[in-house]
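Shown next, in structure tokens, is the structure this report addresses.
A short reminder: the numbers here are calculations on the coordinates, not readings from a lab. As the structure is a computational prediction, the values presented were derived from the model and not from experiment. Don't worry about glycine lacking a Cβ; one is built from the backbone with ideal geometry, like all the others, and counts go over all protein chains shown.
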Amino acid sequence: MLYMQPDNSEDDRKPSFVEEARRRQIVTAAIETIAEEGYSKASFARIARRASISPGLITYHFKTRERLLAAILHHIDSRLDRAMEGGPEPLEGFSDGLGRIVGGHVRYCSEHPEEMSARQNILNADLPEGLRASVAGTRDSGRAELAGFLAEGARYGEFRVFDPEVFVDTLFAALSSVPHRLAELPRERHEDYARELAELFVHAAVAPSPPEGTPPEETG
């Protein structure tokens, strides 16, 4: 899981179906408000107006702004992680896995621009210390997981030998620029962009095949 934020709910009681539906309604309204009006203007009052509820209901379900923001990030990042898994089909190797990560990210950004805009607004904001630490911890664990995946691919001979940290830095920088880039492209070009970016990183990672007719290396 490259992105998913922990669910920082302090209530161990399992919410009822009605409560869960109300929480989803509030999170959706908050995402729309942040995406359209910006992080600084997304007050409980504005979010409540969009959701057609009272601000007190937001306080009842989330207590604080920090907990609402954590719920928003958890909602978006869990869905983004699932998209980057690329569906239920079994992986056909490390290259397939890497292609799914990149292509799935681009496709999710294309299909959910409001969520990605809200997410970036939140991550760019001056967050409370606890949430900022949680975001940093999730980012670091995601980077470590991806670096481990790349190193394992190299051990199995499917990826070439390289510094995984350099690759991860480059990949994360490319993925972070995707929402802005897609906003500049016509919608019909998004799938081509997803495919091209995935192929670019797969080709950068894959170990070159020996030329045809190359004799095997002698041992001993």
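Label-point separation (nm) for Glu196 and Glu184, each offset 7 Å from Cα along Cα-to-Cβ?
Label-label distance for Glu196 and Glu184, simple model: 1.2 nm.
Full extension from Arg139 to Arg82: what is 0.36 nm times the residue separation minus their Cα-Cα distance, to one decimal in nm?
18.9 nm
Can you list the HN-Hα couplings for segment 140-150, worked out from phi with the Karplus curve (6.51, -1.76, 1.60; θ = phi - 60°), rounded to whole Hz and with x for Gly and Pro?
Karplus values, whole Hz, x for Gly and Pro: 5, 5, x, 5, 5, 5, 5, 4, x, 4, 5.
If you place +1 on the Cβ of every Lys and Arg and -1 on the Cβ of every Asp and Glu, how big does the dipole about the Cα centre of the chain come out, in debye to the nearest 20?
Around 1360 debye, computed over the chain.
Exposed loop GluC sites (Glu not before Pro) only (DSSP loop, at most 12 other Cβ atoms within 10 Å): please give the longest stretch of the chain free of them, not including the sites.
Longest gap between qualifying sites, sites excluded: 93-211.
Roughly how many debye, to the nearest 20, is the charge dipole of segment 17-63 about its Cα centre, given +1 on each Lys and Arg Cβ, -1 on each Asp and Glu Cβ, and no other charges?
120 debye
Using label points projected 7 Å from each Cα along Cα→Cβ, tell me how many nm separate Val18 and Ala207, to one decimal.
6.0 nm
Note down the magnitude of the dipole of segment 78-205 about its Cα centre, charges +1 on Lys and Arg C-beta and -1 on Asp and Glu C-beta and zero elsewhere, to the nearest 20 debye.
140 debye
Would you work out which of Gln25, Leu98, Gly153 lies farthest towards the positive end of the dipole of the chain? Charges go on Cβ: Lys and Arg +1, Asp and Glu -1.
Sorting the options by dipole projection puts first Gln25.
How would you classify segment 18-101 from its alpha-carbon gyration tensor, with a ≥ b ≥ c the square roots of the eigenvalues: rounded for a/c under 1.5, else prolate if a/b is greater than b/c, otherwise oblate?
It comes out prolate by the Cα gyration axes.
Of (i) -0.43, -0.53, -0.90, -1.17; (ii) -0.36, -0.45, -0.83, -1.22; (iii) -0.73, -0.81, -0.88, -1.13, which is the value of log10 I(q)/I(0) by the Debye sum over Cα atoms at q = 0.08, 0.09, 0.13, 0.17 Å⁻¹ derived from the coordinates here?
Given (i) -0.43, -0.53, -0.90, -1.17; (ii) -0.36, -0.45, -0.83, -1.22; (iii) -0.73, -0.81, -0.88, -1.13, the calculated one carries the label (ii).
Quick one: what are the phi-derived ³J(HN,Hα) couplings along segment 38-50, Karplus 6.51/-1.76/1.60 with θ = phi - 60°, whole Hz, x for glycine and proline?
Rounded to whole hertz, the list is x, 4, 5, 9, 7, 6, 4, 5, 5, 5, 4, 4, 5.
Taking the chain as the reference, fit the longest principal axis to its C-alpha atoms, fit the long axis of helix 190-205 to the helix C-alpha atoms, and give the angle between the two in degrees, 0 to 90, nearest 10.
With rounding to tens, the tilt is 50 degrees.
Specify the longest stretch of the chain that does not include any exposed loop site, a site being one of the trypsin sites (Lys or Arg not before Pro) with a non-H, G, I, E, B DSSP assignment and at most 15 other Cβ atoms within 10 Å.
64-159
Using a simple spin-label model with points 7 Å from Cα along the Cα→Cβ vector, what separation in nm is obtained for Glu37 and Glu114?
1.4 nm
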